[in-house]
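The block underneath contains the structure these notes are about, expressed in structure tokens.
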Amino acid sequence: MAKNPTAKLQEPTKDEKKGEEETASQVEKPVVEEPVLTVEEEILNNITLIGRAVSTIEPRFTIRVLRTLTTLRKKLNRSGLKNVLDQAFPKGSKTGQSLIANPIFSSLPSSSSEESMEVDPADSTTTTGDTAATTQKKKFTPPLDNSGNDLIPEGIIYLRLLLILLNLDAGKVVEAGEFALETTEIISSLNRRTMDQIAAKVWFYLARSYELQGRLAELQPSFLAIRQTASLRKDETLEVTVINLLLRSYLASQQYDQADKLIAKSTFLGAANQAQTVRWLFYAGRLRAIQLNYAQARNYLQTAIRRAPKDEVAPGFVQLIHKYFIIVVLLTGVIPDRAMFRKPVLKQALLPYFQIVQAVRIGDITGFEKAFQTHEQVFLNDSTHFLILRLRHFVIKTALRSITLSYSRISLADICIKLKLDSEEDTEYIVAKAIKDGVIDAFIDHEKGFIVSKQIKNVYETDEPTIQFNKRVNFCTQVYNESVRAMRYPPNAHRKELDTAADARERDREIAQLIQENENDADDMDDMGDL
């Protein structure tokens, strides 16, 4: 029997269809390699973004450029910056040539790696001839000023900032300080609001160069003047930066009254910059600890630890905050959590402080003095020396507490021997002070020369549960109030200012990118010598 030519063909199964779709998708999807930007291309792209920020009056583009300073600084070199100076300025511009001829640039040493990377132009054309056809570089068009003959002033100040960073990394601190001071004068003469974010960075590195020379106190009049100017112009970024620089200068020169007046009379705008907010909390915590206000100092330092960047991003700054936090917690009569000393970034740096904590916890005066003498130089470098000296009284109080728990009655002479004090009279004064402060519950028999411990009461018969309950209620109320304040603006209110849906999508994408960059943003945390 012959086959019917009009019979239906057999339909493919689901597995066969799935296999054909997978093979088709593999063929259709080409492998796209992300281009790796060189240092020159990255700087030129940043100048383009700065030009966009000037034309649209949107500071977020300038903020995005400044976030790349930390990573760009590691790759910056003399030859790369020279190529940028040649391309960034239009033809006939004298500004770029003056920067190249300036001693701040011409005196920079050229590294051996830069010389080894130089290639003969004839060879480079043959080797890159094939790749030029596939990847064509977009020609850079510099954003020009109103005259049309030179680069915009914001771009010029950004290039001068890169020159300052390059000189600081090369160890030319004096030259960097002079060039930074000259740059601040140019910024003041231009008086452009689109330059505010870059101006804050220039002032930051001016202070850093003077601090490396031991001359930070010389800039205090300039800081006070520029802070007043920034406050009148509503320049929040520059204002909070200069406030932190003033606090750092006052603390370094032990001008604690001036620092206290600055904190009391200035309104710190924490929303302007996250990194500057963490610095302000740290400096305020240090000042309150010096002023014996340990409870407020602990709150400031604990908030600074919570808001600080990741340990891998700014390890030196994170270590310094934890060192002060540990000492302040001990001064409040609390033993820090042992898990804090087990973190990889903090383990080695906090080893001297761990020995101090162990001595305070058990009331070991001999161990405390041994640890203090062994690591005295470390404490001096961290500026925690004077705070640790105050801990000796807490070690004695802890030892007294353990003695009164172990003995119902003990003579003052035995306490003097156990605590290794100078005399029985000093011992009597110390015990009386501990009884007055509520450290121990006992009374002194002055005639017979011994102390008698009172019977231990149940903790629920005291006011301690009420105090702890009030603390927790206040904390929950504070969190609730902050949440309510964060919800005062209606959602998507910014979309009313956008013309099209495309602008809305682009803005959402840029905001998401800024949030992702902010998670790993070092923001020069370790640049102030906190290592």
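The values are calculated or read from the model by the stated rules, or taken from the named source; none is laboratory data. If you're wondering where the values come from, they're calculated on a predicted model, not measured in any experiment. Heads up, the Cβs are rebuilt from the backbone with ideal geometry, glycines too, and the neighbour counts pull from every protein chain shown. Note: accessible area is taken over every heavy atom of the protein model, side chains too, but ligands, DNA and RNA are not part of it. Shrake-Rupley method; radii C 1.70, N 1.55, O 1.52, S 1.80 Å.
Brief remarks follow.
- Of all residues in region 68-102, those satisfying the criterion of being open to solvent by less than 60 Å² (accessible area, probe 1.4 Å), out of contact with any strand residue (DSSP E or B) (no Cβ under 7 Å at 6 or more places or on another chain) and within 24 Å of residue 36 (Cβ to Cβ) are 68, 69, 70, 72, 73, 76, 77, 79, 80, 81, 84, 85.
- Close Cβ contacts (under 6 Å, 6 or more residues apart or on different chains) running from residues in region 347-367 that are under 15 Å from residue 390 (Cα atoms) and in a helix (DSSP H, G or I) to residues that are small (Gly, Ala, Ser) and open to solvent by 10 Å² or more (accessible area, probe 1.4 Å) comprise 359/367.
- Applying the set (1) closer than 16 Å to residue 150 by Cβ; (2) touching a Pro at 6+ places or on another chain (Cβ under 9 Å); (3) at pLDDT 80 or above to residue 90 leaves exactly one unmet item: (3).
- Tallying residues that are of a type in the set (S, T, N, Q) and not in a helix (DSSP H, G or I) within region 394-428 yields 3.
- Residue match in region 214-225 (condition: at pLDDT below 85, touching a helix residue (DSSP H, G or I) at 6+ places or on another chain (Cβ under 9 Å), open to solvent by less than 40 Å² (accessible area, probe 1.4 Å) and not hydrophobic (A, V, I, L, M, F, W, C)): no
- For residue 298, the requirement of being open to solvent by less than 40 Å² (accessible area, probe 1.4 Å), among the charged types (D, E, K, R) and modelled with pLDDT of 90 or more is not met.
- Index of the failed condition, residue 522 passing every other in (1) assigned to a helix (DSSP H, G or I); (2) open to solvent by less than 80 Å² (accessible area, probe 1.4 Å); (3) modelled with pLDDT under 75: (1)
- 1 or more residues within 26 Å of residue 315 (Cβ to Cβ) and out of contact with any Leu (no Cβ under 7 Å at 6 or more places or on another chain): qualifying helices (runs of 4 or more DSSP H) within region 200-304: 236-252, 274-290
- If you go through region 306-328 and keep only what is at pLDDT below 90, of a type in the set (Val, Ile, Thr) and assigned to a helix (DSSP H, G or I), you end up with just 318.
- Residues in region 246-268 that are open to solvent by 60 Å² or more (accessible area, probe 1.4 Å) and under 23 Å from residue 196 (Cβ atoms): 265, 267.
- All of (1) closer than 24 Å to residue 375 by Cα; (2) in contact with a helix residue (DSSP H, G or I) (Cβ under 6 Å, 6 or more places away or on another chain); (3) at pLDDT below 85; (4) of a type outside the set (Gly, Ala, Ser) hold for residue 268 with one exception: (1).
- Only listed residue being of a type in the set (Gly, Ala, Ser) and within 22 Å of residue 98 (Cα to Cα), chosen from 176, 200: 176
- Of the residues making up region 323-351, those that are open to solvent by less than 10 Å² (accessible area, probe 1.4 Å) and not hydroxyl-bearing (Ser, Thr, Tyr) are 326, 327, 328, 329, 330, 331, 346, 350.
- If you filter region 381-393 down to residues that are assigned to a helix (DSSP H, G or I) and open to solvent by less than 50 Å² (accessible area, probe 1.4 Å), you find that the one that is nearest to residue 445 (Cα to Cα) is 391.
- Residue in region 309-340 that is nearest to the chain's Cα centre (by Cα), counting only those that are over 22 Å from residue 378 (Cα atoms) and touching a residue at least 60 places away in the same chain (Cβ under 8 Å): 309
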